[in-house]
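Structure first, commentary second.
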Amino acid sequence: MYIFAIVNPNTMKTGTIFSIEEFAIHDGPGIRTTIFLKGCPLHCAWCHNPEGISPQPQYMIKKGVKSICGYQITVEELIAIIEKNRDIYRLNRGGITLTGGEPLFQPDFITELLEQLPDIHTAIETSGYANTHTFSKVISLANLILFDIKHTDPEMHRKYTGVDNTIILKNLTVLCDSGQDFILRIPLIPGVNDTRENMTAIFERIKNAQNLIRVEILRYHRTAGAKYAMIGEKYHPPFDTGKTPQIHNVFEENNIKNLIV
């Protein structure tokens, strides 16, 4: 049985996205539609999607072709795209994933979207950088949270992402106590957060979470800077990109399911 909410299209919110990837398999269970939202308050030194940082549409040159990266779309228009693959989601236990950028940078848009999809599996990939009221409301509407955590040390976090991590750590605690299913993701950056001290500090924060599905450790890829030239920027990260990250799998040592990618 399908469940549809009755809405007035004239009152629906508009958001800004820069890509829609259909038939994705890496950001949640089953076959999914992954929607990349534009705008992110973090400026991670290793960002793989720099075109998602600015909330505004911008020029991007790819294979010699100049185009606009980013466009506005209404909730109604986005739902129409999502609905095309409803049977695929059902047959493969898939759904949609909101990523970015930072989805919580556009909270009203994604809140309305999630409210209109009560019978499709929804996942949100987030850094957790949002006021706690917004964070709590959004995670209550989704089926799965993919929570990216970079560093527990506030100075290191500020140095490499441009923002303090106080609200992120607070929201991680909220998530752990919420009963909401989540996957913790750690981008492993050489010389930045690949220390036993940092991994132990992360473990201490999530060790009692009842709805933690697993921890995913994502090793840094040297192709991370490939897109910067496409938007007229240079990639000069303040760490040694040729160095192999150290893996201190504190999670495996403490019998927490984990995946190293």
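The values are calculated or read from the model by the stated rules, or taken from the named source; none is laboratory data. Small disclaimer: the values here were computed from a predicted structure and weren't measured. So basically every Cβ, Gly included, is an ideal-geometry build from the backbone, and we count neighbours across all protein chains shown. Only protein heavy atoms, including side chains, enter the accessible area calculation; ligands, DNA and RNA are left aside. Shrake-Rupley method; radii C 1.70, N 1.55, O 1.52, S 1.80 Å.
For this structure, a couple of remarks:
- Scope the range 158-168; condition open to solvent by less than 20 Å² (accessible area, probe 1.4 Å) and more than 13 Å from Trp46 (Cβ to Cβ); matching residues: Val163, Asn165, Ile168
- Test: residue in the range 55-62 that is open to solvent by less than 70 Å² (accessible area, probe 1.4 Å) and within 23 Å of Thr111 (Cα to Cα): yes
- Residue-level check: of (1) within 25 Å of Glu216 (Cα to Cα); (2) under 17 Å from the mean Cα position of the chain (by Cα); (3) without any contact (Cβ under 8 Å) to a residue 40 or more places away in the chain, Ile120 misses just (2).
- The residues in the range 92-119 that are at pLDDT 95 or above and assigned to a helix (DSSP H, G or I) can be counted, and the count is 12.
- Looking only at the range 27-83, and only at residues there that are free of Cβ contacts under 8 Å to residues at least 60 places away in the same chain and part of a helix (DSSP H, G or I), the one that is nearest to Val261 (Cα to Cα): Gly52
- Any pair with Cβ under 9 angstrom, 6 or more apart, that starts in the range 229-250 at a residue that is part of a loop (DSSP other than H, G, I, E, B) and ends at one that is surrounded by fewer than 16 Cβ atoms within 10 Å (Cβ to Cβ) and aliphatic (A, V, I, L, M): Gly232/Ile61; Tyr235/Ala226; Tyr235/Ala229; Ile247/Ile260; Asn249/Ile260
- Matching residues, the range 64-123, being touching a Phe, Trp or Tyr at 6+ places or on another chain (Cβ under 7 Å) and among the basic types (Lys, Arg): Lys66
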